[in-house]
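S.K.: Quick one: the structure is below, and I'll ask about it shortly.
Just so you know, all these numbers are worked out from the coordinates, no wet-lab data involved. Everything numeric in this text was worked out from a predicted model, so none of it was measured. Neighbour counts run over all protein chains shown; Cβ positions are idealised from the backbone, glycine included.
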Amino acid sequence: MKNKLIRISKLISHAGICSRKEAENLIENSRVKINDRVFKKFFIALDEIKSIKVNNKILKKKPTKVWILNKPEGYVCSNKEQFSQKSIFRLIPRDLPRVVTVGRLDINSDGLIILTNNPSLSAFLELPENQINRIYRVKVFGNINSELKKNSHNHLFIKGVLYKNFKVKILTNKHNNNLLEICLKEGKNREIRNILKYFNLKVKKLTRISFGPFKLNDINKGEIFEVNTKHLEKILKSLNFYNENNFW
C-alpha cells in the first residue's frame, strides 16, 4: 500500500477543488506543486507526498470518514442516471462531503454500500489481492444441486469468464425456494447471478450483508449512518491500511 500510485487529479477532485479534467489541465499548466515543486505528471506514489498545492494554496489533510448505506432495489451505484434510473446519490444527505462508493451493487440488488471521502481507501478495499470478503444473502428459485457445494471452493469458467475463490453456504434445502449465503473476494459484474444460473438457480433477492469488517446490521432501507471515528481507526488498523485516518 505504501508504494501505491495515486492519480493526482483524483486527490484534487475529491478535495472539492474542481473536476478531474480541470485538475489535469491545472497539472499541465504548472499550477500544481508537490512538496513545493511544480509537478507535471499524473501519478505519484502516495508515500512520497508531503504537501500538495493548487494555485499556491495548500490542500490540507483531512480525516478519513466512512458511511454505510442500505441500498434499496431500484437504485444504481452511479451519479449518472439513464432513462428512468435513480442514483443512490439521491439518498445521500447534501451536507456530506464528496464521497465515492466501494464497489457496486446492480440495480436489482440491495444491501450494504460503503461510502468514503478517501479514494485510496476505496481502491484498497476493492483490490482483489487484498482478499477482503464480501458476504451476500441470496434467495433463489430452484432445487439445490449437489454440484453447487462441491464446486464452491473451485474455479469456474463460465462463458469466457473465470470465477474463483467463492464459497457457498446452503441455509435451506427445500423444493424450489431456498436461501444461500455466498462469500466472494472480488466483485465481477453479475458474478453471483451468473454462477447460480450455471447451477440452474434463479436469483429472487440478493442482499449484501457485509464487506470485510463493515456490517449492514439493522440499518433500514435507504438509510445511511457514519461509522464511529474510534471504531473506524480500529478497523483500518486491522486491515493494515497504512494511510491510517488522514489523507490528501
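S.K.: Give me the Kirkwood hydrodynamic radius of segment 14-75 in Å, from all C-alpha pairs, to one decimal place?
M.R.: Computed over segment 14-75, the radius equals 13.7 Å.
S.K.: For the charge dipole of the chain, defined by +1 on Lys and Arg C-beta atoms and -1 on Asp and Glu C-beta atoms about the Cα centroid, which residue among Leu196, Leu171, Leu121 has the Cα displaced farthest towards the positive pole?
M.R.: Leu196
S.K.: Additional query: Got a sec to turn the phi values of segment 95-102 into Karplus ³J(HN,Hα) couplings, 6.51 cos²θ - 1.76 cosθ + 1.60 with θ = phi - 60°, whole Hz, x for Gly and Pro?
M.R.: For segment 95-102, the Karplus-derived couplings read 7, 6, x, 4, 10, 10, 8, 9 Hz, x marking Gly and Pro.
S.K.: Here's another thing I want to ask about it. Normalised by the residues of the chain, what does the relative contact order come to in percent, with Cα pairs under 8 Å and at least six apart?
M.R.: It comes to 22 percent, rounded to a whole number.
S.K.: Further question: Rg/Rh for segment 133-211: what does it come to with C-alpha atoms and Rh from Kirkwood?
M.R.: 0.92
S.K.: Using the Karplus curve 6.51 cos²θ - 1.76 cosθ + 1.60 with θ = phi - 60°, work out ³J(HN,Hα) for each residue of segment 19-34 in order, rounded to whole Hz, and write x for Gly and Pro.
M.R.: Residue by residue, segment 19-34 yields 6, 4, 4, 5, 5, 5, 5, 5, 4, 5, 9, 6, 9, 10, 10, 10 Hz.
S.K.: I'd like to compare 171-177, 66-72, 183-189, 51-57: which one has the highest average count of other Cβ atoms within 10 Å, and what's the full order after that?
M.R.: Averaged packing, sorted descending, gives the order 66-72, 183-189, 51-57, 171-177.
S.K.: What list of ³J(HN,Hα) values in whole Hz, one per residue of segment 37-42 in order, does the Karplus curve 6.51 cos²θ - 1.76 cosθ + 1.60 (θ = phi - 60°) give from phi, with Gly and Pro shown as x?
M.R.: Result, rounded to whole Hz: 10, 4, 10, 10, 9, 9.
S.K.: Relative contact order, percent, of segment 133-211 when contacts are C-alpha pairs under 8 Å separated by at least 6 residues?
M.R.: Details: 153 pairs, mean separation 37.9, N = 79.
Relative contact order of segment 133-211: 48 percent.
S.K.: For every helix of n ≥ 4 consecutive DSSP H residues, a contribution of -39,500 (n - 2.57) applies; sum these over the chain, divide by its total residues, and give [θ] at 222 nm rounded to the nearest 500 deg cm²/dmol.
M.R.: Taking each H run of at least 4 residues, the total per residue is -5000 deg cm²/dmol.
S.K.: While we're on this one: Going through segment 68-98, which trypsin sites (Lys or Arg not before Pro) have at most 12 other Cβ atoms within 10 Å and a DSSP loop state?
M.R.: Lys80, Arg94, Arg98
S.K.: Looking at the chain, what % of its DSSP beta bridges pair antiparallel, to the nearest 5?
M.R.: Taking every DSSP beta bridge within the chain, about 90 percent pair in antiparallel fashion.
S.K.: Among Gly142, Ile209, Leu162, whose Cα lies farthest out toward the positive end of the dipole of segment 133-211, if unit charges sit on the beta carbon of Lys, Arg (+1) and Asp, Glu (-1)?
M.R.: Most positive-ward Cα: Ile209.
S.K.: List the aspartates and glutamates whose Cα lies under 19 Å from the Cα of Lys33, skipping any in the same chain that are fewer than 8 positions away.
M.R.: Result set, ordered by chain and number: Glu22, Glu24, Asp47, Glu48.
S.K.: Once Rh for segment 21-156 is found with the Kirkwood sum over Cα pairs, what is the Stokes-Einstein diffusion coefficient at 10 °C and 1.306 mPa s, in µm²/s?
M.R.: It diffuses with D of about 85 µm²/s by this estimate.
S.K.: Right, another one. Given Cβ point charges of +1 (Lys, Arg) and -1 (Asp, Glu) and nothing else, what value in debye, to the nearest 20, does the dipole of the chain about its Cα centre take?
M.R.: Charge dipole of the chain: 160 debye, to the nearest 20.
S.K.: Seen from all sides and averaged, what is the projected area of the convex hull of the Cα atoms in the chain, in nm²?
M.R.: Quarter of the Cα hull surface area: 15.2 nm².
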